[in-house]
Amino acid sequence: MIELKNICYSVIEDGKEKQILKDINLQFEENTITAITGHNGSGKSTLIKLLMAIASPSSGKIFYNGKDITNLDTSYRANNGFTIAFQQPVKFKGLTVKDLINVASRKNNKVKDACQYLAEVGLCARNYLDRPLDDTLSGGELKRIELAIALAKGGEVFLFDEPEAGIDLWSFEGLISIFQKLKNKTVIIVSHQRKILEIADNIVILNANDSPIQGKAKTMIKQLESKNICYKLSGGKNE
Amino acid sequence: MNKIDKDLLEQISNLHGVPQGSFNIRKNGQALKRKSTSEIEILPKPDKSGIDIIVKPNVKNRSVHIPVIITVGGFNDLVYNDFYIGENAEVSIIAGCGIHNSANETSQHDGIHSFHLEKGCKVKYIEKHLGLGKEGVGKILNPTTNIVMEESSEFEMETYQLGGVTYSNRITKAKIKDNAKLLVTEKILTTNTQTAITHFTANLVGKNASVNIVSRSVAKDNSKQKFISNVIGNNECFGHVECDGIILNNAVIESTPKIVAKDVNASLVHEAAIGKIAGEQITKLMTLGLNKDEAEELIIKGFLK
């Protein structure tokens with residue numbers, strides 16, 4: 001289980017302190033999918049970065065299975081079960097898809113094995129393994145490869161930051177089935193997509209001016225609809 | 001050949017023993033081994049140090065290895081190699097020079113290579129440069145490559161300097177005629193106080209002539225690199241120069257990509273970017289379990305691959 005206790009995060013903008021996350025208390029249970037949603041600027045991506053130690057909280061503590069991991073770095077978390085797929089995949093000049101899959105899975109994969117990860121995200125694997133992760137790939141391709149790398153890495157805690165953005169050419173069902181296969185892990189997904197919220201066990205609504213609301217997905221979706229604060233919950237556009 | 005010779009040859013030309021086909025292995029200024037074939041002839045120059053490599057017209061899918069190794073200190077080697085590539089021939093040429101210097105005096109190799117490409121031929125030319133042995137002792141390599149490309153010929157050049165060379169001045173000049181195509185990929189790594197200088201001059205004289213130069217360099221410690229390119233479009237032609245550099249520590253990379261259009265239909269582009277390793281790349285690899293040093297090493301390895 002992951003616990004966030006009194007997490008605050010602020011940045012300095014134009015010489016003034018700007019609070020992004022204020023006194024956040026949340027729990028993410030094992031064997032559950034939690035969707036995090038909320039307005040632009042409510043701190044969703046920041047929360048994911050804090051979980052992966054890409055950013056450090058200004059105050060508060062993060063616990064994983066009872067252990068305080070607040071000050072443990074990204075490599076430590078990666079080597080202890082935390083896996084992330086970024087909203088904006090990082091590009092590399094020279095490193096290929098296969099290089100990243102090998103690093104992620106900590107082994108020199110045979111072509112057949114590396115292909116499996118790509119097939120899971122709907123890519124014809126042999127066409128991609130030797131391609132560099134650079135501008136020669138489209139945004140949608142990079143996004144799907146980002147997911148494949150996360151799957152190749154494996155782990156116990158999966159963090160997905162807007163995984164649906166840019167995957168328009170791939171079936172949504174493919175993405176959903178990836179999350180369903182991870183049901184026995186701790187899965188945290190930042191999303192606005194109704195279909196993703198619907199497969200979640202829990203939903204967290206972040207609100208820049210108030211404490212987050214966490215609850216069972218069915219209840220939370222009704223609440224979102226009734227308050228008509230469902231941003232783009234209609235299932236159409238992404239943020 | 002002793003172990004040092006074999007190691008050098010393996011690293012500069014991937015040779016594990018005597019190659020197939022035509023070859024010339026030069027060690028400390030002398031021909032160590034040489035073989036000509038009826039398709040690719042290798043002849044020593046009568047008047048000066050070097051060889052003529054003559055590829056007959058229409059020869060297909062053949063390779064020729066001409067590595068140079070220097071294993072002593074205080075040695076200056078100057079060599080002139082001329083390549084005559086016949087019409088419609090298709091050939092790979094694997095050159096390169098390795099210096100293993102364990103003495104106290106500098107060793108130097110200046111290789112002047114001139115390519116004469118006849119119509120319709122295709123050449124892939126690979127040269128790797130390497131310095132091994134005692135730290136801080138001069139291992140200097142100055143390769144010069146002159147290329148004259150007749151109609152519809154193609155020249156693909158890959159040049160690598162991946163460590164240990166204390167100073168290099170790499171000069172490449174090409175004259176590119178109608179429909180001829182030149183592709184150059186350069187990858188250079190410098191460390192300590194090494195200096196690497198590159199000069200490219202591509203003269204696009206023919207209609208639909210094209211050149212694409214891609215330079216990737218990594219400079220670490222207190223090393224210095226200078227990249228100067230000059231692409232001149234004299235006709236309806238295409239030229240592209242891309243220079244990417246990563247600097248670490250106190251290193252310096254200077255890039256001067258010059259393009260000169262002398263014809264309204266010349267299309268010339270240059271791009272240059274120099275900077276440290278992007279922080280987001282290190283972060284990404286750390287999310288896969290690498291530490292910062294491992295991440296940097298992998299990024300550089302990929303960049304220079």
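The values are calculated or read from the model by the stated rules, or taken from the named source; none is laboratory data. Just so you know, these numbers come straight off a predicted model, no measurement behind them. Cβ sites come from the backbone with ideal geometry, for glycine too, and all protein chains shown count toward neighbours. Surface areas here come from the heavy atoms of the whole protein model, side chains and all, with no ligands, DNA or RNA. Shrake-Rupley method; radii C 1.70, N 1.55, O 1.52, S 1.80 Å.
Please report, to one decimal in angstroms, the Kirkwood hydrodynamic radius of chain A built from all distinct Cα-Cα pairs.
On the way: mean 1/r = 0.0542 Å⁻¹.
Its Kirkwood hydrodynamic radius stands at 18.5 Å.
Would you grab the residues whose amide H sits under 5 Å from the one on B:Lys45? Only those 5+ places off in sequence or on another chain, please, with H modelled 1.01 Å from N.
When sequence neighbours closer than 5 places are left aside, the close amide H contacts are B:Gly50, B:Ile51, B:Asp52.
Show me, for the stretch A:143-154, the HN-Hα J-couplings you get by feeding each phi into the Karplus relation (A = 6.51, B = -1.76, C = 1.60, θ = phi - 60°), rounded to Hz, glycine and proline as x.
5, 5, 5, 4, 5, 4, 5, 4, 5, 5, 5, x
Search the structure for amide H atoms under 5 Å from the amide H of B:Lys258, placed 1.01 Å from N in the peptide plane, and list their residues when 5 or more places away or on another chain.
The answer is B:Ser229, B:Asn230, B:Val231.
Which Rg and Dmax, in Å, describe the Cα atoms of the stretch B:1-149?
15.2, 48
Let me understand the stretch B:126-211 better: what is its radius of gyration from the alpha carbons, and its Dmax, in angstrom?
Cα only, the stretch B:126-211: 15.2, 50 Å (Rg, Dmax).
Work out the length of the dipole vector of chain A about its Cα centre, built from +1 on the beta-carbon of each Lys and Arg and -1 on the beta-carbon of each Asp and Glu, and round it to the nearest 20 debye.
Working: 32 positive and 28 negative charges, 81 e Å.
That gives a dipole near 380 debye.
Would you mind giving the average projected area, over all directions, of the Cα convex hull of the stretch A:1-113 in nm² with one decimal?
Working: hull surface 38.4 nm².
Over every viewing direction, the Cα hull of the stretch A:1-113 projects on average to 9.6 nm².
Per the Kirkwood treatment, what hydrodynamic radius in Å, one decimal, follows for the stretch A:90-154 from the mean inverse distance over all distinct Cα pairs? Before the final figure, lay out the partial values.
Values: mean 1/r = 0.0887 Å⁻¹.
One decimal place: 11.3 Å for the Kirkwood radius.
Taking N as the number of residues in the stretch B:84-228, what is its Cα Rg relative to 2.2 N^0.38 Å? Could you put the intermediate results ahead of the total?
On the way: Rg = 16.2 Å, N = 145, 2.2 N^0.38 = 14.6 Å.
That ratio works out to 1.11.
What does the C-alpha gyration tensor say about the overall shape of chain B? Classify as rounded when a/c is under 1.5, otherwise prolate if a/b is larger than b/c, or oblate.
Numbers: a/c = 1.79, a/b = 1.08, b/c = 1.65.
The shape class here is oblate.
Give the whole-number value, in cubic angstrom per residue, of the convex hull volume spanned by the C-alpha atoms of the stretch B:166-305.
Working: hull volume 14.0 nm³, N = 140.
Normalising the Cα hull of the stretch B:166-305 by residue number yields 100 Å³.
Springs between alpha-carbon atoms under 10 Å, Gaussian network over chain A: tell me which of A:Val190, A:Val97, A:Val111 tops the mean-square fluctuations.
Of A:Val190, A:Val97, A:Val111, the most mobile in the Gaussian network model is A:Val111.
Plugging the Kirkwood radius over Cα pairs into Stokes-Einstein for the protein assembly as shown, at a temperature of 4 °C and a viscosity of 1.567 mPa s, what D comes out in µm²/s? Don't skip to the answer; put the middle values down first.
On the way: Rh = 26.7 Å.
The diffusion coefficient I find is 49 µm²/s.
Under a 5 Å amide H to amide H cut-off, with H placed in plane at 1.01 Å, what residues pair with B:Thr37 once short-range neighbours are removed?
Amide H neighbours of B:Thr37, under 5 Å, 5+ apart: B:Ile42.
Using a 1.4 angstrom probe on the protein heavy atoms only, could you order B:Thr198, B:Thr191 from most to least accessible area? Each step should come with its number before you reach the end.
Details: B:Thr198 5, B:Thr191 35 Å².
In descending accessible area the options line up as B:Thr191, B:Thr198.
To the nearest 100 Å², how much accessible surface do chains A and B hide from each other in total, with a 1.4 Å probe?
Details: alone 11860 and 13780 Å², together 23850 Å².
About 1800 Å² of accessible surface is lost on pairing.
How shielded is B:294-304 by partner chains, expressed as the average number of their Cβ atoms within 10 Å of its Cβ atoms?
Working: counts 2, 3, 0, 0, 6, 4, 1, 3, 9, 5, 2.
Mean shielding by partner chains, rounded to a whole number: 3.
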